[in-house]
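Before any comments, here is the structure.
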Amino acid sequence: MALVKAGVVVLDCAEPEKLAEFYKALLAAEQTEESANRVEIRGADGIRLAFRRDMNATPPSWPRPENALQAHLDFMVEDLDEAERKVVGLGGRPLETKEATGPYEERGYADPAGHSFTLRLVASTAPKQG
């Protein structure tokens, strides 16, 4: 029998209720727990995230080196442009801007509290045509 039953990624932030709302909308999630200092959600695909109140939380400065990347989340999407519109509409912001034309396999963002995450394009499983 496994000793650990489940894992939850916990992000420290000043306003866990607000950050939970951002990720609930992004992940089509439901709130599963709430206390004075912590909110937990579960996404449609089972991913579990929690947000813990820390009034002194400082988000990483990635991609700038002065406060190295501490941790970040990767989310798989089928349409990067559509996902980006949703992220920005929810209050997130792009971290990496690229000047070259054409599609990118992944893009970096920050949530409203400054935590970094990546939207990664799901590899197509359709057979190649031609």
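The values are calculated or read from the model by the stated rules, or taken from the named source; none is laboratory data. These figures come from a predicted structure and were not determined experimentally. When the accessible area is computed, the model is the full protein with side chains, heavy atoms only, and any ligands, DNA or RNA have been set aside. Shrake-Rupley method; radii C 1.70, N 1.55, O 1.52, S 1.80 Å.
The solvent-accessible area of Val8, taken with every protein chain present and a 1.4 Å probe, is close to 50 Å². Which shape class, rounded, prolate or oblate, goes with segment 1-55 when its Cα gyration tensor gives a ≥ b ≥ c as root eigenvalues, a/c under 1.5 marks rounded, and past that a/b bigger than b/c marks prolate? It comes out oblate by the Cα gyration axes. Straightening the chain between Ala28 and Glu78 buys 16.5 nm, computed as 0.36 nm per residue apart minus the Cα-Cα spacing.
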